[in-house]
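Just so it is clear, none of the values below were taken in a lab; they were calculated from the coordinates. Just so it is clear, the model here is predicted, and its values are computed rather than measured. Glycine also receives a Cβ, built like all others from the backbone with ideal geometry; neighbour counts cover every protein chain displayed.
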Amino acid sequence: MASATATYGQKESTDQNFDYMFKILIIGNSSVGKTSFLFRYADDSFTPAFVSTVGIDFKVKTIYRNDKRIKLQIWVRRRCQLIPSSPPLATN
């Protein structure tokens, strides 16, 4: 008799069965909708009011194209945390 082992409660983000993986970083100014886009695309949900992202938001979505399983890691970060908006001022 064949036996099958099922794993319950394991999230798809820990699944290592994929053909390709892409890591996507979305950077932009504050309050332009980066986190709203992330949740809408990854979870198909929308919340009209988000608190500004402090640090990083992260989601995983698996899509299928041409019989290939593609894992997307999508990261959202505010622009001012990564890239200064202007060069530092000279102090001389």
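Under a crude label model (7 Å from the Cα following the beta-carbon direction), how far is L25 from R40 in nanometres?
Simple spin-label model gives 2.4 nm for this pair.
Can you list the residues of the range 31-67 with backbone N under 11 Å from a point 7 Å past the Cα of F18, pointing along Cα to Cβ?
Those under the cut-off are 59-64.
Between A49 and V32, what is 0.36 nm times their sequence separation minus the Cα-Cα distance? Round to one decimal in nm.
Gain on stretching A49 to V32: 4.9 nm.
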